[in-house]
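To start, the structure under review is shown below, and the notes come after it.
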Amino acid sequence: MKRGPSSVLGEKRLSLVKKTFPHLEINEVQINNNGWDHDILIINNEIVFRFPKSEHLLTKVIDEMQILDRLALKRPIIKIPKYEPVYWNKKFIAVTYAFLKGQSLSDYIDFPINEDPENAKLISDFLTKLHSIDISDMNDTNLETIHTLHYWEKLYASVKKNVFPFLNTYQQNEISEVFIPFINNYTTITDRKALIHGDLTASNIIFNKTRNQIYGIIDFTDAQFGDPAFDFAGLYWTFGPDFTQKVLSGYSSTECTASIFNRVRVFYGLQPVFHELLYAVKNGQKINWESALNRFSQLKSLI
């Protein structure tokens, strides 16, 4: 039987694990190489091996290790990975860490996350401690600010070029009504910068079904120096304003949380869909355009 490229790649990664950890007894292997940035191997439901897909991402993983070490000193209640580097022929190729027991929260989107107030508290505590890390302590990393005015202008231009042709005029106007005010007022919105996760979505939040509770947070690949309000975007998009406000109620910051929530409500919490749509369009994936913007329109109506 002919094997696909994903299967072959997974076997190559597994072969590297066996060579670098020859005494590791392997009884069960889960391989996930569908992600944008990494190939993941989970061994015996106990150990994770994370292989960056490019040299550029290897550098970002080194930065991740420093972030996680700094964050661990602040002792967040929620679990975070403890990375250990993996070398082959003296070259850094991956990281390994103890498997966080549970599954991605994206597998439990219908779970009533609001019912247990501890879920909001766990994320509040995590974001408070992450955002309080002194940026000057990260000077020896390659971290930078990615979400600049140019970044948002480029995203909007890409949406107009690649997404607008599939939309009617009303939908196009709805999108422009969100992007244009944000871009025009960008320099006056906030000048605060913090170390942010950059991709705090349901996919990177671990849910423990046994505990019936959020358990861990993973994947700091998109960490950067940016507006702390951005880290509430994925929560707002997936779980809505009520849960987001519960998280903010336990979040400590020098900035008024109402101001943070407003930036999430009018822009950050509405834009996640466009990254997904652009990726789908560029990769020729099928999109149901009749429903693609339903969530966007629903949340925009709350502005």
- Task: Would you be able to say whether some residue in the stretch 124-131 is aliphatic (A, V, I, L, M), under 21 Å from residue 187 (Cα atoms) and outside any loop (DSSP other than H, G, I, E, B)?
- Result: no
- Assuming residue 179 fulfils every condition listed in (1) touching a Lys or Arg at 6+ places or on another chain (Cβ under 8 Å); (2) in a helix (DSSP H, G or I); (3) crowded, with 19+ Cβ neighbours inside 10 Å apart from one, which condition is it? (1)
- Mind telling me which of the residues 46, 55 ends up being at pLDDT 95 or above, outside the structural domain of residue 244 (by TED's automatic domain parsing) and either surrounded by 14 or more Cβ atoms within 10 Å (Cβ to Cβ) or charged (D, E, K, R) (or both)? 46
- Item | residue 130 vs. criteria modelled with pLDDT of 95 or more, crowded, with 19+ Cβ neighbours inside 10 Å and under 20 Å from the mean Cα position of the chain (by Cα) | yes
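Within the group 116, 110, which residue is surrounded by 15 or more Cβ atoms within 10 Å (Cβ to Cβ) and closer than 30 Å to residue 240 by Cβ?
116 is the lone residue from the list that is surrounded by 15 or more Cβ atoms within 10 Å (Cβ to Cβ) and closer than 30 Å to residue 240 by Cβ.
In the stretch 37-49, what residues are touching a residue at least 60 places away in the same chain (Cβ under 8 Å) and assigned to a loop (DSSP other than H, G, I, E, B)?
Matches in the stretch 37-49: 37 only.
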- Counted residues, the stretch 63-85 - those being touching a residue at least 40 places away in the same chain (Cβ under 8 Å) and of a type in the set (A, V, I, L, M, F, W, C): 6
- Item | Flag if residue 234 is among the small types (Gly, Ala, Ser), in the same structural domain as residue 168 (by TED's automatic domain parsing) and in a helix (DSSP H, G or I) | yes
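The values are calculated or read from the model by the stated rules, or taken from the named source; none is laboratory data. Note that the structure is predicted; figures quoted are calculated from it, not measured. Because the Cβ atoms are built from the backbone with ideal geometry, glycine has one as well, and the counts that use them run over all protein chains shown.
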